[in-house]
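Heads up, the thing below is written out as structure tokens.
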Amino acid sequence: MTIAIVSTCGTSLLTNGADAEMRKLITGCANHSESQLEPGERESLDAWLANRREAITKADSATVRRLSAELNGLLAWYGDNWPPQSHQEVHFLLHTDTYLGARAACLVATWMKRQGLGVHPTMIKGLNTADAEGFEAAMSDLARWCYEAFDAGGYDRVIFNLVGGFKSLQGFMQALGMFYADECVYIFETGQALLRIPRLPIRLDAADILREHASAFLRLEVWGQARADQCEGIPETLLLSEGDDRALSGWGQLLWDKSRDAILGAGLLEPLSERLRWGPELASEAASLQSDLRVRLNRQLARLARCIEGGGEKGDYNPGSLDFKQLCGEHKGATHECDAFAGHDPRRLFGHFEGPVFVVDRIGPHL
């Protein structure tokens, strides 16, 4: 049985055992990157980091539990099975991109590796408490990371160890845990007893919203953002706002990732750009495809829309997975082609321009 254990990692290893002056320095620099530290701050912090490295290296298991909140939760989860014999667990250590957050996670990860644990320190950019907007963006990245890491069912069990880290992160991970973790674990108030919260029998049910606004969600995925008027009707909780621009929030990303394939596989979407149009053969060809290929076709047509809006073949967006280009001469009326499905499928989309509008005529074999 392969078990994935995700531990939120904070700076408890640094604050536990620190005097009042050092605690004040750690708190004041908690959200700083390396470049934001003053020379005197860096010197004092590095000296304390060296102290903590020595302390955890010499500590027995009981002492380690007092030093580190995340390791306290982890060792409580192992219980009588510590030290582990099978090493079938894969550990992900989520940490901030701050100077202290990254250094504390490195110390914890080093101790775990010395115990023979397979650990992957995982930094999420912007995952700190410096400002709410940056944290919301980090939550979107974290939701996507969880989807990519755990939605495919590559592990027999997924455990979220949420003893360490700051409260906002723990709260968000608890919510994500309802969808990705078999259980979330905390340390009870006594400091030793493990509190287990199993996955609740809930499901994401926003199908009507996602289907109604599928084109907007697909635009947000491919472009990374959209105008406010292109997102009208989408609940605010699913979006991040910056001026007139909108992007998917952590919850919006989670909803879309979970439901996207079912929605895009159901049928051909309308063009995402006024400069793109479907020819008469495309709809019938799309209808004859398997649903997984319709998903890939809809996403590819969204990339084509972005390509056309960005200037076409030599514009600012023409990734290798699209490969939009002019044909050498015409081919049954088509003047341009691009990959139809990306990946290893060799079929192409063929079309022609009518003024500024590109008409996708059909799907055909690679020439």
Here are some residues: Leu264, Leu301. Which one is aliphatic (A, V, I, L, M), touching a Pro at 6+ places or on another chain (Cβ under 8 Å) and free of Cβ contacts under 8 Å to residues at least 60 places away in the same chain?
Leu301
Selection count where residues are part of a strand (DSSP E or B) and surrounded by fewer than 19 Cβ atoms within 10 Å (Cβ to Cβ), scope region 143-185:
2
Among the residues of region 192-251, how many are in contact (Cβ under 8 Å) with a residue 60 or more places away in the chain, of a type outside the set (Lys, Arg), surrounded by 11 or more Cβ atoms within 10 Å (Cβ to Cβ) and not in a loop (DSSP other than H, G, I, E, B)?
10
Return yes or no: is Lys314 surrounded by fewer than 14 Cβ atoms within 10 Å (Cβ to Cβ) and over 33 Å from the mean Cα position of the chain (by Cα)?
no
Can you find, within region 6-28, the residue that is surrounded by the most Cβ atoms within 10 Å (Cβ to Cβ) among those that are touching a Leu at 6+ places or on another chain (Cβ under 6 Å) and part of a loop (DSSP other than H, G, I, E, B)?
Cys9
Which of the numbered conditions does Lys332 fail, given that it passes all the others? Conditions: (1) within 15 Å of His366 (Cα to Cα); (2) surrounded by 12 or more Cβ atoms within 10 Å (Cβ to Cβ).
(2)
So which residues in region 36-75 are farther than 17 Å from Met22 by Cα and either surrounded by 16 or more Cβ atoms within 10 Å (Cβ to Cβ) or in contact with a Leu (Cβ under 8 Å, 6 or more places away or on another chain) (or both), if there are any at all?
Ile56, Ala59, Ser61, Val64, Arg65, Ala69, Glu70, Leu71, Asn72, Gly73, Leu74, Leu75
Within region 148-164, residues being free of Cβ contacts under 8 Å to residues at least 60 places away in the same chain and under 18 Å from Leu255 (Cβ atoms) number 2
Only one of Glu34, Glu41, Glu70 is closer than 26 Å to Lys167 by Cβ and more than 31 Å from the chain's Cα centre (by Cα), namely Glu41
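Throughout, read-outs are computed from the coordinates displayed, never taken from laboratory work. Here the structure is a predicted model, which is why all the values come from computation and not from measurement. Cβ: placed from backbone, ideal geometry, glycine included. Neighbour counts: every protein chain shown.
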